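Shown next, in structure tokens, is the structure this report addresses.
The values are calculated or read from the model by the stated rules, or taken from the named source; none is laboratory data. All values derive from a computational prediction rather than experimental measurement. Cβ placement follows ideal geometry from the backbone for every residue including glycine, while neighbour counts extend to all protein chains displayed. Surface accessibility is based on the protein's heavy atoms, side chains included, excluding ligands, DNA and RNA. Shrake-Rupley method; radii C 1.70, N 1.55, O 1.52, S 1.80 Å.
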Amino acid sequence: MNEPIAQRAYYSIGEVCDLTGIQAHVLRYWETRFELLRPVKNQAGNRVYRPREVELVLLLKRLLYEDKYTVEGARQELARMRRTGGLEEARKSALGPELRGQLKSDLAELMDILSVPGQTGNS
């Protein structure tokens, strides 16, 4: 369970939005600006994201929102990472904090659902 994103082969755009906190229109815009972000479309014409693309979205989110890169600056940084071989490592490192927060939230919600009213502690 080290990499829950890798548990599924494909994610819909809505699922990626939920996982990353990025709105669908922003993801579609990023597809036009970042050549590395090219989700395939299924037979119904819907975008499907592979785990590595979800990782890339999280990396882009960090570069643009936390590190305050411009779109052009983020493109240059991704190109630099590709040249130096650091892109895969950067994608994987972007998973950490984002995913931990999501997992913590999901586990708390699951605990609420599974808890029996009036029962405390382990029985």
Is it fair to say Thr20 is under 21 Å from Ser93 (Cβ atoms) and among the hydroxyl-bearing types (Ser, Thr, Tyr)?
yes
Residue check: is Leu103 in a helix (DSSP H, G or I), over 17 Å from Lys61 (Cα atoms) and modelled with pLDDT under 65?
yes
Checking the conditions here, which among Arg91, Arg83, Arg75 is outside any loop (DSSP other than H, G, I, E, B) and modelled with pLDDT of 95 or more?
Arg75
Pairing a residue in region 17-29 that is touching a residue at least 12 places away in the same chain (Cβ under 8 Å) with any residue that is polar (S, T, N, Q) and open to solvent by less than 100 Å² (accessible area, probe 1.4 Å), where Cβ atoms lie under 7 Å and the two sit 6 or more apart in sequence or on different chains, gives Leu19/Gln102
When residues of region 28-71 are filtered for being open to solvent by 90 Å² or more (accessible area, probe 1.4 Å) and assigned to a helix (DSSP H, G or I), how many remain?
6
